[in-house]
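Worksheet: one structure, shown below.
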Amino acid sequence: MPYPYYYGFDWTYLVLVLPCMILSLWASSRVNSTFKKYSQVHSIRHITGAQAAQRVLAANGVGGVRIERVGGNLTDHFDPKTNVIRLSDSVYNSTSVAAIGVACHEAGHAVQYAHNYGPIKLRAAIIPITNFGSKLAMPLILLGIVMSALGNFSYGFVYAGIACFGFSLVFQLVTLPVEFNASGRAMKAIETGGLLTGEEQRGAKKTLSAAAMTYVAATAVALAQLLRLIVLFGGGRRRND
């Protein structure tokens, strides 16, 4: 198996990782530009992001969830540990269709937990494993390379490191249905609750679709990085035989 470096140039990064990194940058830029665009379009019903989130919770029979304001831009999230929806400065009191879409999306996550939605429970369960694995991945790979160079050890540590990194991809794959489902719940609540008009709904949907692409891009990056590790080190045992 030929080593994937030619004259100091790593083609695996160019072919596998770089296109996905470009996709990730494009997705990040798109969500910011889309949110900015529809932040200028305000609901004729003058409902704020916080009010919209509260209506989604009420419509789904979910109680005991606080809605708080948090600093920053697009820092909105639901914290299941404290049962709090935190909405950013640009969402909490805003009446824009973008803000309402984002607020309802975060309320969708609260509804997922309240209704025991399987994928979000799975994601919460694997977070500790994912964090642990991501921290161990590169040290294990480097340790395996060093030990293999001594000639007394196999590439077992390298393979263990690659397996640990694989948990990052598993996490991203589980995250995809969680995020798409939360957006679906948000749009359904917006429509059935009459929170936005038909034209305004399209703006909210475009905002959430742009946000969803960031998760697709993150999954692609994780997959590309895992494939790169497999190409770089997966044949280590054969090279040393």
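Quick note: the coordinates plus some simple rules give every number you see, no bench work behind them. Keep in mind the model is a prediction, meaning the values are calculated, not measured. Please note: Cβ atoms are built from the backbone with ideal geometry, for glycine as well, and neighbour counts cover all protein chains shown.
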Positive-pole candidate from L196, Y113, A137, dipole of the range 5-240, charges at beta carbon:
A137
Using packing as a proxy for protection, rank 86-92, 27-33, 226-232 so that the peptide with the highest average count of other Cβ atoms within 10 Å comes first.
86-92, 226-232, 27-33
Under the rule of -39500 (n - 2.57) per DSSP H run of 4 or more residues, summed and divided by the residues of the chain, what mean residue ellipticity at 222 nm is obtained, to the nearest 500 deg cm²/dmol?
-23500 deg cm²/dmol
Least to most buried among K81, K205, K135 (fewest other Cβ within 10 Å first):
K81, K135, K205
In degrees, nearest 10, range 0 to 90: what is the angle between the Cα axis of helix 198-233 and the longest Cα principal axis of the chain?
10
Mean separation of Cα contacts under 8 Å (6+ apart) over length of the range 127-212, as relative contact order %:
25
Which of H42, H115 comes first, and how do the rest follow, when ranked by fewest Cβ neighbours within 10 Å?
H115, H42
Segment A59-S209, length gained on full extension (0.36 nm per residue, minus Cα span)
51.7 nm
Across the range 5-240, how large is the tail of the calculated P(r) beyond 23 Å, expressed as a percent of all Cα pairs?
56
Please check which bits of the range 17-52 a label hung off K188 would reach, taking the label as a point 7 Å along Cα-to-C-beta and the cut-off as backbone N under 19 Å.
52
Once you have the Cα-Cα distance between E68 and I129, take 0.36 nm times their residue separation minus that, and quote the gain in nm to one decimal.
19.0 nm
Pairwise label distance in nanometres, A149 with N116, each label 7 Å out on the Cα-Cβ vector
5.3
Based on the alpha carbons, how large is the Rg to Rh ratio for the range 73-114 when Rh follows Kirkwood?
0.97
Taking the Cβ of A103 as the centre, find all other residues whose Cβ is under 10 Å away and add up their charges (Lys, Arg: +1; Asp, Glu: -1).
-1
Qualifying lysines (Cα of each under 22 Å from Cα of K206; at least 8 residues distant if same chain):
K36, K37, K188
So which residue, out of Q40, Q225, Q51, gets the largest mean-square fluctuation from a GNM of the chain using Cα contacts under 10 Å as springs?
Q40
For each of C20, C104, count neighbouring Cβ atoms within 10 Å of the residue's Cβ, then give the residues from fewest to most.
C20, C104
